[in-house]
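Single-structure report; data block below.
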Amino acid sequence: MVNGLVDGRFVDDPAFLPVLEKAAELGVPLYLHPSFPPGERGAHVLQRTGTSAGRPPGHRRLGLAFGNGLHLLRLVVSGVFDRIPELQVVVGYLGEMIPFALARIDTVLTPVVGLRQPVAEYFQTNIFLTTSGYTTFPPLQCAISVLGVDRLIFSVDYPYTDNASARALLDTAPISPNDREKLAHGTVERLLRL
């Protein structure tokens, strides 16, 4: 698991190539999790929050999603998955809003990055998303429509989101029983070879 930047660097930095290669060799996915932005950038993002504790409302649930989404996109556009095609990455929060914007991201980035496949296709070959933090069907429906249930893993976001509402989504989402089984455990069992 990588919790934000490492010493101020994204994991597409060449210094982390041996770690990524070892993860691929071992067949274990890398999990990208959001964290506070570093240094001055972090101070700027967090100011004017209206909180006395210095932590903004929803600090991990929304604002930092953009940074984690950027982290994921950097792995794609830097060519990490071209150099290490076996590497699998898991990102929570239904992909940090990327599924909603993936067609636009693909249209803008694919022509300029020179990768072996379109940017959007890496979300079919190298990236898995968890449902953590989402408890309503429309975001899940978007992710299923864009990526397919075979790239999605059920998860909760305790203590930030209520576990019962996350489970209720799993139980009541209008998806087929086969897709519910994949989402609940089948996809992660396949990914982790359980």
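Can you give me the C-alpha center-to-center distance between segment 76-112 and segment 151-194, rounded to a whole angstrom?
22
Taking the highest mean first, how do the peptides 182-188, 7-13 order by number of other beta carbon atoms within 10 angstrom per residue? All intermediate terms of the calculation are to be shown ahead of the outcome.
On the way: 182-188: 18.9, 7-13: 14.7.
Most protected by this proxy first, the peptides run 182-188, 7-13.
Explain nothing, just compute: Karplus ³J(HN,Hα) = 6.51 cos²θ - 1.76 cosθ + 1.60, θ = phi - 60°, for every residue of segment 176-185 in order, whole Hz, x for Gly and Pro.
Karplus-based 3J(HN,Hα) across segment 176-185 equals 5, x, 5, 5, 4, 5, 4, 5, 5, 7 Hz.
In terms of modelled amide H atoms, which long-range or inter-chain residues lie less than 5 Å from the amide H of VAL2?
Long-range HN contacts for VAL2: TYR31, LEU32, HIS33.
Bear in mind these aren't lab numbers, they're just calculated from the coordinates by the rules spelled out. Just so you know, these numbers come straight off a predicted model, no measurement behind them. Note: ideal-geometry Cβ built from the backbone for every residue, glycine included; neighbour counts use all protein chains shown.
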